[in-house]
Amino acid sequence: MANLKTLRKRIRSVSNTKQITKAMKMVAAAKLRRAQERAFASRPYSKGMDRLVRSLSAAMASNDNAPPLLVGRGVPNPRVEIL
C-alpha cells in the first residue's frame, strides 16, 4: 500500500504544480496587458517628441532660424564626443 500512497502524493503534487503554473500564467498575462496599455498610452507623447526633434533638427539645418541655445559656438569641447 505504500506504493498507492506514493502515487496519490505524486498526483496531488502534480495537481498543485499545475495550479501554481496556471496562476503564474494569469499573472504574466495581466502584467503583459498592463505593459501594452502603458505603451499605447505613451504614443501621443512619443509622437509629440518626434515632432519636436524634427522641428529642432530642421531649425538646426538652417542656422539663421535656430534657437540661440542650439547654435554652435565654434569652440570644440574636448570632453564631449561629437557624433
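Under a cut-off of 22 Å between alpha-carbon atoms, report the lysines in cross-link reach of residue 25, not counting same-chain residues fewer than 8 places apart.
none
Tell me, what ³J(HN,Hα) does each residue in the stretch 8-17 have, in order and in whole Hz, if you take phi through Karplus 6.51 cos²θ - 1.76 cosθ + 1.60 with θ = phi - 60° and put x for Gly and Pro?
4, 5, 5, 4, 5, 5, 5, 5, 5, 4
Note the per residue figure in Å³ for the convex hull of the C-alpha positions in the stretch 1-46. List each step's numbers first, then the result.
Details: hull volume 1.5 nm³, N = 46.
Enclosed volume per residue, from the Cα hull, is 32 Å³.
FYI, it's all coordinate maths here, none of it is from the lab. Remember, it's a predicted structure, so these values are computed and weren't measured experimentally.
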